[in-house]
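The values are calculated or read from the model by the stated rules, or taken from the named source; none is laboratory data. Keep in mind the model is a prediction, meaning the values are calculated, not measured. Ideal geometry is used to build each Cβ from the backbone, glycine not excepted, and the neighbour counts take in all protein chains shown. These area figures cover heavy atoms from the full protein model, side chains too; ligands, DNA and RNA do not enter into them. Shrake-Rupley method; radii C 1.70, N 1.55, O 1.52, S 1.80 Å.
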Amino acid sequence: MMLRYVVVAAVALGTLAAGVASAQNYPTRPVRVLIPFPPGGNVDVFGRVLWPQVEKALGQTVVIDNRGGANGILGSSIVANATPDGYTLLHVSFSFAVNPFIVKKMPFDVVKDFAPVTDVALGTGYLMVSNPGFPPKTVKELIAFAKQKPGQVRYSSAGIANGQHLAGELFATKAGIEMLHVPYKGGGPAVTAVVGGEVQLHFPAPAVGIPHVKAGRLRGLAFTGGTRLTALPDVPTVAEAALPGFLADAGWHGVFAPAKTPPAILKKMQEAIRSALQVPHVRDYFLNGGYEPQGHTPAEWAKLFQADLKRYAEIARIAKIELQ
């Protein structure tokens, strides 16, 4: 009997040693990062600044794979079913934590089927932009216009229960107006819709909206965060412009791996991401775009994620978003 225990212990130690060795050598081939939204949205824009620097930290190629659809669910499903070896990762927005409370039949469990790697950044707010041809030029004028024409003001978002959707509903509720929400399959198409005049309003991440405002393709009405954006000092906050006390943050961007990915690999990737976020031009890009770099350890990020699941469940309930 003792011999049997010795053999079992030896096998266990051998497996552990192999896992540690694998993590030490990781990565030995390109890493695929799924961004479950079309190109041009805020996760994609920030990801294309971050991941080239992560490549340098890892010493290995990182390939971004955009798979938009169903508010991030389609691309996330690919990662949920991927081999848990660290070579397929998910870079997603906080809609990942909202989906379980608005979708009747999720194809995966956000807790059981994924391993948290790190939180990339926390958004301070959204930029409220309008098509230049839209008559209201201020938030107060927008509110007055919407009260005269209930439900005729259309605003785009990256999908149902996306942060932009929640920000738009919160604004409408606080302003006492009715607006028509028009969801698109990602932030890129949602921006194109307001630039092209299909809708009048949009709530993009600052990094996405600022170039359009500076180029005159969109009008910057306000910022939903607590303080004005450094890049657009003349654009007031919503609180300053019309609704004192108003605040709507833009949630987080985070990275997840398939469940059962070795902890040592998760840690190595988290450290590479944190290192990349500390590079001056990367850090400045995030800050100027209204996002604060994060980089918590997998264990810390897991606790924050669990807390946010409860928070967003309550937000989805208050917003009265019907199950899909």
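Observations on the model:
- Volume per residue of the convex hull around the Cα atoms, evaluated for the range 94-228, comes out as 124 Å³.
- For THR28 and LYS149, a Förster radius of 45 Å and the Cβ-Cβ distance give a FRET efficiency of 0.15, rounded to the nearest 0.05.
- Förster radius 45 Å - calculated FRET efficiency between ALA313 and THR227, Cβ distance, rounded to 0.05: 0.95
- Neighbours of LEU34, meaning other residues whose beta-carbon lies under 12 angstrom from its beta-carbon, give a summed charge of 0 when Lys and Arg score +1 and Asp and Glu score -1.
- GluC sites (Glu not before Pro), loop per DSSP, at most 14 other Cβ atoms within 10 Å - longest free stretch of the chain: 1-177
- For the range 47-118, trypsin sites (Lys or Arg not before Pro) are listed when DSSP marks them as loop and at most 15 other Cβ atoms sit within 10 Å of their Cβ; the list is LYS104, LYS105, LYS112.
- In the chain, helical runs assigned H by DSSP with n ≥ 4 each contribute -39500 (n - 2.57); averaged across all residues and rounded to the nearest 500, the mean residue ellipticity at 222 nm is -13500 deg cm²/dmol.
- Spacing of the two label points (7 Å from each Cα toward its C-beta) at GLU240 and VAL103, in nm: 3.8 nm
- For GLU300, the shell of other residues with beta-carbons less than 12 Å away shows a net charge of +2, using +1 for Lys and Arg and -1 for Asp and Glu.
- Simple point charges give the picture: +1 on the Cβ of Lys and Arg, -1 on the Cβ of Asp and Glu, and for the chain a dipole about the Cα centre of about 260 debye.
- Portion, in percent, of the accessible area of the range 15-155 that falls on carbon or sulfur, probe 1.4 Å: 54 percent
- Summed side-chain charge close to GLU240 - residues other than GLU240 whose Cβ falls under 13 Å, Lys, Arg +1, Asp, Glu -1: +1
- Once the C-beta distance of ALA264 and GLU178 is scaled by a Förster radius of 56 Å, the resulting FRET efficiency is 0.60 to the nearest 0.05.
- Inter-centroid distance (Cα atoms) of the range 153-215 relative to the range 87-132, Å: 17 Å
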